[in-house]
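Down below is the structure, laid out as structure tokens.
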Amino acid sequence: MPALRFPNRKFHLEPTWHSYRRVPGAAVPMPLHNWLLDRGSLTERLIHASHGQFRVEVLHQRMALPHLSECRALGIPSRRRALIREVILYGQGEPWVYARSIIPVTTLTGRLRSLCKLDNRPLGALLFNDVSMQRGPIDITCTHTDTLKLPSLSEAFQGRVWGRRSVFYLDQKPLLVSEMFLPGFRPYNKPLISHFYR
């Protein structure tokens, strides 16, 4: 599959996403397969896998311009600012998952204004406890931690990573959540052999 090309260097650094239906099953490391395609709460699974030793570290939460493919996924104009939240999810004291959430300004209305004040609480817990929540299709990618620009990761936790993203709807208002399984992910802590890497 050809990688998407962007005229803007900033956008070119973002991962290339594909519908999971278009990615050959053999390309995805088998032990990670069900983590990528599971439609349940990742937060709940991580809490269980870490035996309760789970925490969220907020890297950034600010109004900014999303990547071009994120705007397209959300159906918003490419120059429309949104609330961007980036976190590391830790299990047993190690960085397991990098998550990036894009919440359009039009979603942050009414009761959903509370999404601005999550602090260190996991967004996933809120999503899966909301009776109005609906989840769109899953896209997956394989990229490198360099493209994620994560200064808090030591060299031991850098390398190729698989990830997924979905548009969620609360009260029929969209937000996009991307989750990257880092090399230190203990439930699948093996080198990734990738045939789907740009």
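Throughout, read-outs are computed from the coordinates displayed, never taken from laboratory work. Values in this document were obtained by computation on a predicted structure and should not be read as measured data. Positions of Cβ are backbone-derived with ideal geometry, glycine not excepted, and every protein chain shown enters the neighbour counts.
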#### Entry: Label point distance in nm, N34-M133, each placed 7 Å from Cα along Cα→Cβ
2.0 nm
## Note on the structure
If R0 = 30 Å, then M63 and E94, at their Cβ-Cβ distance, give a FRET efficiency to the nearest 0.05 of 0.45
### Message
Strictly greater than 25 Å: what percent of every Cα pair in region 48-153 meets that?
### Response
24 percent
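Hey, can you rank 70-78, 178-186, 52-60, 164-172 by average C-beta count inside 10 Å, highest first?
Details: 70-78: 16.3, 178-186: 21.3, 52-60: 13.7, 164-172: 17.9.
The packing order, highest mean first, is 178-186, 164-172, 70-78, 52-60.
What number comes out for the charge environment of R165, summing +1 per Lys or Arg and -1 per Asp or Glu over other residues with Cβ under 14 Å away?
0
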### Query
By how many nm would the segment from R81 to R21 grow when fully extended, if each residue of separation counts as 0.36 nm and the alpha-carbon distance is taken off?
18.6 nm
#### Entry: Likely footprinting exposure, W96, W35, fewest C-beta neighbours within 10 Å first
W35, W96
